Amino acid sequence: MHSGKIICVGLGPGDPEMMSVKADRLLRNARHVAYFRKRGHPGKARQLVNGMLRADVTEYPMEYPLTTEIPHDDPRYIAQLSDFYLGWQSRLTELARCEDVIVLCEGDPFFYGSFMHLYVRLRNEGVVPVEVLPGIPGMVGCWHATGIPMTWGDDVMSVLPATLADEPLRNHMARSDALVIMKVGRHLSRIRTLLTEQGKLDQAWLVINGTMSDQQVMPLRDAPERCPYFAIVIVHGNGRRPANDM
Ligand SMILES: C[S@@+](CC[C@H](N)C(=O)[O-])C[C@H]1O[C@@H](n2cnc3c(N)ncnc32)[C@H](O)[C@@H]1O
């Protein structure tokens, strides 16, 4: 019999004051806290809760066996990631035998979140209750950081992972009024070239670490050649509205 649950907590875009009241309560009372991180890195989600956890908390860093070392469709990548999730599925299930386990996730867990891979496995297995607490997605924090409204009237907004190939990116960019481009990191210069081709460079913004203490917001044309993984490109919609709205 399990008396604990696994609860993935969406932490919001970065500013701790943008977390939900429920997230704050769960984090401050948590005795077991797990989070994903790249090997050798502290983990963004873990950094976002600095100063919030109990002194006697036990932490479980879930270190990805690999990230960008081999292509995502390589069978070795798929096999290693699958083993990784399977391993943590059983470890978290075991921990939740007696007590709740909190899993940290930046933004909203159901929006490109790694926890989803554990969630579907845990839910299908059905041994331990699993819950997910929504958070404000990073992109929302980022478009607010620009101080410019995002979508008007009939504007169509697309959310694009920068990891897509050029052709689908081009097609989506051409068809959409407003754009959010995620996972920019090492794809920044390619994104800049594609937006230039589409005549959208002058409307594009780059937001790095949006809402965090080291947030940077700049027009994309003024951005440096490289940017960190926690960066989003925003193109605001400019759709239907009364003529006297600026
Ligand atoms: C794996 S996705 C996770 C998204 C997350 N679950 C969310 O709801 O925002 C990671 C990407 O989210 C984007 N991101 C999330 N929060 C961000 C923030 N505060 N500032 C800039 N980029 C952010 C970056 O593009 C990053 O590469």
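The values are calculated or read from the model by the stated rules, or taken from the named source; none is laboratory data. This one's a predicted model, so the numbers in the text were calculated from it and none came from an experiment. Note that we place each Cβ from the backbone using ideal geometry, even for glycine, and neighbour counts take in every protein chain shown. Only protein heavy atoms, including side chains, enter the accessible area calculation; ligands, DNA and RNA are left aside. Shrake-Rupley method; radii C 1.70, N 1.55, O 1.52, S 1.80 Å.
Structure data summary
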read-out: Dipole-positive endmost among Val57, Ser20, Val127 within the stretch 6-133 (Cβ charges, Cα centre); value: Val57
read-out: Given charges at beta-carbon only (K, R positive; D, E negative), |dipole| of the stretch 1-153 in Debye; value: 240
read-out: Cα long-axis angle, helix 75-95 against the chain (0 to 90 degrees, to the nearest 10); value: 50
read-out: Using alpha-carbon coordinates, inclination of helix 188-197 to the longest axis of the chain, degrees; value: 30
read-out: With all protein chains modelled, accessible area of Asp166 [1.4 Å, Å²]; value: 60
read-out: Antiparallel %, DSSP beta bridges [both residues in the stretch 138-235], to 5; value: 70
read-out: For the stretch 138-235, size of Cβ-based charge dipole, Lys and Arg +1, Asp and Glu -1, in debye; value: 260
read-out: Summed residue charge, Cβ within 13 Å of Leu195's Cβ, Lys/Arg positive, Asp/Glu negative; value: +2
read-out: Between helix 166-175 and the chain: long-axis angle, C-alpha atoms, 0 to 90°, nearest 10; value: 70
read-out: Which of Leu194, Leu86, Leu169, positive extreme of dipole for the chain (C-beta unit charges); value: Leu86
read-out: Qualifying trypsin sites (Lys or Arg not before Pro) for the stretch 145-246 [loop in DSSP, other Cβ within 10 Å: at most 11]; value: Arg226, Arg240
read-out: Under 29 Å between alpha carbons - lysine pairs in the chain that sit 8 or more apart or on different chains; value: 9
read-out: By accessible area with a 1.4 Å probe, ligands and nucleic acids excluded, highest first: order of Tyr229, Tyr119; value: Tyr229, Tyr119
read-out: The stretch 40-144: C-alpha pair distances exceeding 18 Å, %; value: 58
